[in-house]
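Undergrad: Have a look at this one before I ask anything.
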Amino acid sequence: MRRTALILGSGLLLSVAFWNSVTWHLQRFWGASGYFWQTQWERLLSTFEGNEWILFIIDTVLSPGLCFWGFNGLLLVVDTTGKPTFISRYRIQLGKNEPVDPVKLRQSLHTVLFNQTMISLPMLLLFYPFFKWRGDPCCQELPTFHWFLVELAFFTLVEEILFYYSHRLLHHPTLYKKIHKKHHEWTAPIGVISIYAHPIEHVVSNMLPVMVGPLVMGSHLSSITVWLSLALIITTISHCGYHLPFLPSPEFHDYHHLKFNQCYGVLGVLDHLHGTDIMFKQTKAYERHVLLLSFTPLSESIPDPPKKMESPLGPSGLLPQK
């Protein structure tokens, strides 16, 4: 017990020291460059003076969109060609999407583009008056770095709660069959299908969980833009199908696509509280659900147990009668 307490305590102290160091350096950079960014922001505001809603739409659509398609563009090269092999070797579900079905991919891309242009864009337009009511997102003063960290923690908590319960609700047999089954057509997901979903699901489970946090906080446009970009990158990683070095583990959500009835959340906190990760914790995927800090694929260092081969003999050990 003492040894365990010592290890955990030392780890916690090191983590806190590391985080404080990173925060200090980032705050120093943010503060030092604060005047520069503030000046650029004021120039941008003066350009769109009287049309701040256009600036809001450009920032919340363009920057997150570039992050999404830039990252997924690279992943799609690997998904469709299997190259470069130094990335494809990190595939989680071996033998799946090698290469990805081009017809299925093309159909999915149509849905993704529809959701972005016909669902996400109108929702952002509809939300702008509410953001304006809560606190002007285009106000002149940029938020401090420390305040943005507070906002980021709140956004993450709200997303975990709203996504978990909305996602679990969509697994109700009636809703699953009519709505959520579309997303689960991909039992071995790829990055771009993170927003491949029925329009109702895209509104309820994709958009609202990430929009409510900034709305409640009355956040600045800069915070909203960074948060939406981060959310799209994280959901892409969760669906990408590759457990890449130095990136968050996608094993948790990949297992959800494989088994359907486990791992509903983002962080896994509510899954732990509700016991919806019990099966997952009994698998090799759970052992692999860590940050990969080497270049050896976890599928090699922690392989799945060999599948049991069916015997040609019957239960009695005799060949079945014809």
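Undergrad: Using R₀ = 22 Å, calculate the FRET efficiency as 1/(1 + (r/R₀)^6) where r is the Cβ-Cβ separation of Arg134 and Leu230; round to 0.05.
TA: The pair Arg134/Leu230 has a calculated efficiency of 0.60.
Undergrad: Next question, about the same structure. If you line up the Cα atoms of the range 138-295 on their principal axes, what length do they span on each, largest first, in Å?
TA: 49, 42, 30
Undergrad: Continuing with the same structure: How many nm separate the modelled label positions at Thr144 and His274, each set 7 Å beyond the Cα in the direction of the Cβ?
TA: Placing both labels 7 Å along Cα→Cβ, they lie 3.7 nm apart.
Undergrad: In Å², what does the accessible area per residue of the range 210-310 work out to with a 1.4 Å probe?
TA: Normalised by residue count, the accessible surface of the range 210-310 is 48 Å².
Undergrad: Can you give me the three principal axis dimensions of the range 208-297 from its C-alpha atoms, in Å, biggest first?
TA: Answer, in whole Å and largest first: 42, 34, 17 Å.
Undergrad: Using the Cα atoms of the range 83-201, I'd like the radius of gyration and the largest Cα-Cα distance, Dmax, both in angstrom.
TA: 18.7, 53
Undergrad: To the nearest 10 square angstrom, how much accessible area does Val226 have with a 1.4 angstrom probe?
TA: Here the accessible area works out near 60 Å².
Undergrad: Continuing with the same structure: Just to make sure I understand: if all protein chains stay in place, what is the order of Phe56, Phe71 by accessible area at 1.4 Å, largest first?
TA: The ordering from most to least exposed comes out as Phe71, Phe56.
Undergrad: Subtract the Cα-Cα distance of Phe260 and Thr117 from 0.36 nm times their separation in residues, and report this length gain in nm to one decimal.
TA: Full-extension gain reported as 48.7 nm.
Undergrad: What are the aspartates and glutamates whose alpha-carbon lies under 16 Å from the alpha-carbon of Lys104, with same-chain residues fewer than 8 places away excluded?
TA: Leaving aside aspartates and glutamates fewer than 8 places away in the same chain, those within reach of Lys104 are Asp79, Glu185.
Undergrad: Right, next: What distance in nm lies between label points placed 7 Å from Cα along the C-beta direction at Phe295 and Lys307?
TA: Distance between label points: 3.2 nm.
Undergrad: Post the alpha-carbon centroid distance, the range 115-130 to the range 147-188, in whole angstrom.
TA: 19 Å
Undergrad: Given R₀ = 22 Å, FRET efficiency for Tyr35-Leu157 by Cβ-Cβ distance, to 0.05?
TA: Calculated transfer efficiency: 0.10.
Undergrad: Still on this structure: Please give the net charge around Leu175, taking every other residue with its beta carbon less than 15 angstrom from that of Leu175, where Lys and Arg add +1 and Asp and Glu add -1.
TA: Computed value for this residue: +4.
Undergrad: Taking a 1.4 Å probe, which of Arg89, Arg43 shows the most accessible area, and what order do the others take after it?
TA: Descending order: Arg43, Arg89.
The values are calculated or read from the model by the stated rules, or taken from the named source; none is laboratory data. What you are looking at is a predicted structure, and each value in this text was computed from that prediction instead of being measured. As a convention, Cβ positions derive from the backbone with ideal geometry for all residues, glycine included, and neighbour counts pool all protein chains shown. Ligands, DNA and RNA are excluded from the accessible area calculation, which covers all protein heavy atoms including side chains. Shrake-Rupley method; radii C 1.70, N 1.55, O 1.52, S 1.80 Å.
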